[in-house]
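Student: Can you read through this structure? Questions will come right after.
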Amino acid sequence: MLKVKAKTAYAHLLDVSKRHKHHNLHKFLQNSEIISIDARVDTSLSLKYFLIKTVIGQQVSVKAAQSIWLKVKNVLDKTQQPITIELLKKQGLSKPKAAYIFGIINNKFIEEATIAKLKKLSLEDLSHFFLQLKGVGPWTLGVVRMFFIQDTDVFLEGDLGINKALENFFHSQDYSGHHYSPYRTYLCLYLWKSLNNN
C-alpha cells in the first residue's frame, strides 16, 4: 500500500506544477504512477554501509558499482584480518576511494549514528559533519539525506540525471525546485523517472 506521504507529495507536485504553469512537468506527472521513497530505501544498511555503498557508486556505472560493493561488503562482513587500504583496493576500488572508505570505516560517529540521531541534527550540523569527511561532497550528503535520513525536501543539485531532466522540463539547469518545497525529494524522484520513460 502506498504511504500517505507519497500521495500527499504527488498531489502537491501536481498542484504546484499547474499553478506555476510548468506545463510539461504537469503533463508528465498526470501520466505517472505515484512514487514512494520507501522503494529506494534499504533499511538493512547501517549509515557506515550506506556511505560506503554511495561512495563506491560515485562516477561509475551501476553495474560496476554493484559488483564492487558486493566484494567490499563481503570483506567487511567476513574477513578476519585487519581492514587496510590495500585490502580495499583489491576489491576493485581506486586508491582514493579505498582511502575514503577506510576513513568511513574508522569513524566512531558513523559507527554509532542512527536515523533517529541524524534526524535531530540541523542541516548546518549535518553538513558540517558529513562534508568534512574525505570523499563526501554535497551530492553524497544529499543522497544520505534523501535515502538514509528520508528527508522529503532535498533537491540534488549537480546530479547529471536531474540536470538532464531540468533541461527537458524547464529548458535550463538553473532551477533549484524551490516552488516544490517541502517535497523536493519527490520532485527529484519524478525527474529521474522521466529519464527512464524516454
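Each value in this text was obtained by applying a stated rule to the coordinates, not by laboratory testing. Just so we're clear, the structure is a prediction, and the values are computed from it rather than from any experiment. Here the Cβ is made from the backbone with ideal geometry for all residues, glycine too, and neighbour counts use every protein chain on show.
Student: What angle, in degrees between 0 and 90 and rounded to the nearest 10, separates the Cα long axis of helix 160-170 from the longest principal axis of the Cα atoms of the chain?
Tutor: 10 degrees
Student: Compute the angle between helix 138-147 and the longest alpha-carbon principal axis of the chain, please, reported from 0 to 90 degrees and rounded to the nearest 10.
Tutor: Roughly 80 degrees between the two axes.
Student: Find out how many positive minus negative residues lie around Gln150, taking Lys and Arg as positive, Asp and Glu as negative, among other residues whose Cβ is under 15 Å from that of Gln150.
Tutor: +4
Student: Right, here's the next one. Per Stokes-Einstein, at 10 °C and 1.306 mPa s, what whole-number D in µm² s⁻¹ belongs to the stretch 6-59, with the Kirkwood radius over Cα pairs as the hydrodynamic radius?
Tutor: It diffuses with D of about 117 µm²/s by this estimate.
Student: Hey, another quick one. Could the peptides 31-40, 159-168 be put in order, highest first, of the mean number of other beta-carbon atoms found within 10 Å of their residues?
Tutor: By packing density, highest mean first, the sequence is 159-168, 31-40.
Student: Let me ask something additional. Treating the angle as unsigned and between 0 and 90°, give the value, to the nearest 10°, between the Cα long axis of helix 4-19 and the longest Cα principal axis of the chain.
Tutor: Helix 4-19 and the main axis of the chain meet at about 50 degrees.
Student: Write out the GluC sites (Glu not before Pro) in the stretch 78-135 meeting two conditions: DSSP loop, and at most 15 other Cβ atoms within 10 Å of their Cβ.
Tutor: Answer by residue number: there is no such site.
Student: Take the residue pairs Lys63/Lys95; Lys63/Lys193; Lys53/Lys90; Lys95/Lys120 and return only those whose Cα atoms are more than 26 Å apart.
Tutor: Lys95/Lys120
Student: What size of dipole, in debye to the nearest 20, comes out for the chain about its Cα centre when the only charges are +1 on Lys and Arg C-beta atoms and -1 on Asp and Glu C-beta atoms?
Tutor: In total the dipole reaches around 380 debye.
Student: While we're on this one: Dipole of the stretch 47-147, Cα-centred, from +1 at each Lys and Arg C-beta and -1 at each Asp and Glu C-beta, to the nearest 20 debye?
Tutor: 280 debye
Student: Between Thr114, Thr84, Thr54, where does the largest GNM mean-square fluctuation fall for the chain, given springs only between Cα atoms within less than 10 Å?
Tutor: Thr84
Student: Arrange the peptides 91-97, 117-123 so that the one whose residues have, on average, the most other Cβ atoms within 10 Å appears first.
Tutor: 91-97, 117-123
Student: Something else about it: Relative contact order of the chain: what whole-number percent is it, with Cα pairs under 8 angstrom and at least 6 residues apart?
Tutor: Over the chain, the number comes to 24 percent.
Student: Could I ask something else about it? Take the Cα pairs of the chain, get the Kirkwood Rh, then feed it into Stokes-Einstein at 20 °C and 1.002 mPa s and tell me D in µm²/s.
Tutor: 118 µm²/s
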